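What follows is a short report on a single structure.
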Amino acid sequence: MTLSQSTARALTDAELPFDLNVPLAKRVYWRVGGPADAVVTVGSHQALVRLQQVASKTQTPVFVLGKGSNLLISDAGIRGIVVLLKGELADTTATEGDRPQVTVGAGMPLVVLLSRAKKNGWTGLGCFAGIPGSVGGAVRMNAGSTLGETDVPLVHVDLVHRDGTPQRLTTVDLQMSYRTSHVPDGSIIATATFQTTGADADAEQAVLKTFLERRKATQPLHLPSCGSTFRNPPGDHAGRLIEVSGLKGYRVGGACVSEKHANFVVNDAPCTANDIRAVIEHVEDEVERQHGVRLQREVHFIGEWQE
Ligand SMILES: Cc1cc2nc3c(=O)[nH]c(=O)nc-3n(C[C@H](O)[C@H](O)[C@H](O)COP(=O)(O)OP(=O)(O)OC[C@H]3O[C@@H](n4cnc5c(N)ncnc54)[C@H](O)[C@@H]3O)c2cc1C
């Protein structure tokens, strides 16, 4: 599949360079999945507005890819345009003072944000420790851990709707809850603004260090995965339910339930998206059969799937 000629012409007229038939597997953490019809890399707010206008006028589907750490892209890949955010949409600016507000481009990796936070003494962003996503992905997923969730430091986002209209939405507007937020359909977050706390930076770094060491000891970080595959059901842990269902090590092709952490599905051999999907669906069915609980996916399935 490829882009229609009218969409390709409209992108060119809007000065939005694009690549066709782009492999995506190396851009996502599971390292599987097919190509995108087209990839457009957008480096400014104005370019993002133009992209949304072109896509909506030509009725081309658009998918914004962060770091791909919470996505299973189908083996057939993604039809339409995949957007990557770079330049000023992957940079930071901060206000003055002891507790600056930091505005961060949605394309910035959280690990880069944390390293800038350490350098500049910005505290209160520890909820991002150990999460390999981008700022946009963290807002979309309300990413977090025992150290807190994205909606705590987040003040507002600036996004661009499907028709190219910009809008600022607060944390309340986004109705953020456990691993989800209500980012309007088709809109793309350009920047997110966070409130820092002015807490003791050294004390915060010590907490993060202990937290990261514990993760390394308990998670299969040496193999491709998307972290926790399922949300924890109320009052329980998805990993516990999967383990007591006897599913650790359950395998289809190169995809298997990790022996180290049962809520991780890892790619430990040549593997396809179909293999990973088959493991996930088997886990859902088997946990429900044994315990009466239907696990809810944290990871998103994207692209064209053959049902
Ligand atoms: C080893 C490992 C450990 C992990 N640990 C954690 C953890 O502790 N806590 C946790 O919450 N998650 C964890 N994750 C999952 C993942 O890192 C988070 O969900 C992260 O927030 C996803 O960000 P991303 O940039 O990779 O998003 P992607 O996977 O690229 O995309 C996820 C969704 O966000 C959307 N999105 C991305 N950018 C934007 C944007 N600019 N505007 C609108 N929508 C956007 C995408 O379209 C997609 O729907 C882990 C993953 C791995 C691989």
Pairs please, first residue from the range 183-205 and outside the structural domain of residue 138 (by TED's automatic domain parsing), second anywhere and assigned to a strand (DSSP E or B) and within 10 Å of the ligand (Cβ to nearest atom), Cβ atoms under 9 Å, 6+ apart in sequence or on different chains.
none
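Does residue 76 satisfy the condition of being in the same structural domain as residue 32 (by TED's automatic domain parsing) and surrounded by fewer than 19 Cβ atoms within 10 Å (Cβ to Cβ)?
Details: in the same structural domain as residue 32 (by TED's automatic domain parsing): yes; surrounded by fewer than 19 Cβ atoms within 10 Å (Cβ to Cβ): yes.
Here the answer is yes, as residue 76 does meet what is asked.
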Looking only at the range 239-274, count every residue that is of a type in the set (A, V, I, L, M), farther than 12 Å from residue 228 by Cβ, in contact with a Gly (Cβ under 7 Å, 6 or more places away or on another chain) and assigned to a loop (DSSP other than H, G, I, E, B) and tell me the total.
1
If residue 61 passes every condition in (1) surrounded by 19 or more Cβ atoms within 10 Å (Cβ to Cβ); (2) closer than 24 Å to residue 191 by Cα; (3) of a type outside the set (A, V, I, L, M, F, W, C) but one, which one does it miss?
(1)
Considering the range 163-172 alone, what residues qualify as being farther than 16 Å from residue 104 by Cα and under 19 Å from the mean Cα position of the chain (by Cα)?
none
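Mind listing just one residue for me: the one in the range 188-214 that is within 29 Å of residue 44 (Cα to Cα) and more than 15 Å from the chain's Cα centre (by Cα) and, of those, surrounded by the most Cβ atoms within 10 Å (Cβ to Cβ)?
Quick first cut of the range 188-214, residues within 29 Å of residue 44 (Cα to Cα) only: 188-197.
Add one more test, that the residue is more than 15 Å from the chain's Cα centre (by Cα), and what stays is 193-197.
Numbers: 193: 19, 194: 26, 195: 17, 196: 22, 197: 16.
Restricting to residues being within 29 Å of residue 44 (Cα to Cα) and more than 15 Å from the chain's Cα centre (by Cα), the top hit is 194.
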Within the range 211-231, take every residue that is free of Cβ contacts under 8 Å to residues at least 24 places away in the same chain and within 11 Å of the ligand (Cβ to nearest atom) and give me the one that is nearest to residue 148 (Cα to Cα).
216
Selection from the range 114-150 of residues that are away from the ligand (no atom under 11 Å from the Cβ) and either assigned by TED's automatic domain parsing to the domain that holds residue 66 or surrounded by 18 or more Cβ atoms within 10 Å (Cβ to Cβ) (or both):
114, 117, 122, 123, 124, 125, 126
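Look at residue 278 and say whether it is closer than 30 Å to residue 21 by Cβ and out of contact with any helix residue (DSSP H, G or I) (no Cβ under 6 Å at 6 or more places or on another chain). Before the answer, list the steps.
Values: closer than 30 Å to residue 21 by Cβ: yes; out of contact with any helix residue (DSSP H, G or I) (no Cβ under 6 Å at 6 or more places or on another chain): yes.
Taking the combined requirement at face value, the residue satisfies it.
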Could you run through the range 164-183 and say how many residues are loosely packed, with under 15 Cβ neighbours inside 10 Å and in contact with a Lys or Arg (Cβ under 8 Å, 6 or more places away or on another chain)?
1
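Quick one: which strands (runs of 3 or more DSSP E) sit completely within the range 1-81 and have at least 2 residues that are touching a residue at least 60 places away in the same chain (Cβ under 8 Å) and either over 28 Å from residue 223 (Cα atoms) or of a type outside the set (S, T, N, Q) (or both)? Even if it seems obvious, please write down each step before you answer.
Values: elements: 18-22, 36-42, 62-64, 71-73.
By residue number, 18-22, 62-64, 71-73.
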Pick from the range 248-307 the residues that are surrounded by 15 or more Cβ atoms within 10 Å (Cβ to Cβ) and aromatic (Phe, Trp, Tyr): which of them is nearest to the ligand (Cβ to nearest atom)?
264
Residue count, the range 1-34, condition acidic (Asp, Glu) and within 26 Å of residue 306 (Cα to Cα), comes to 1
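The values are calculated or read from the model by the stated rules, or taken from the named source; none is laboratory data. Owing to the predicted nature of the structure, the values given are computational and were not obtained by experimental measurement. A quick note on method: Cβ atoms are made from the backbone with ideal geometry, for glycine too, and the neighbour counts reach across all protein chains shown.
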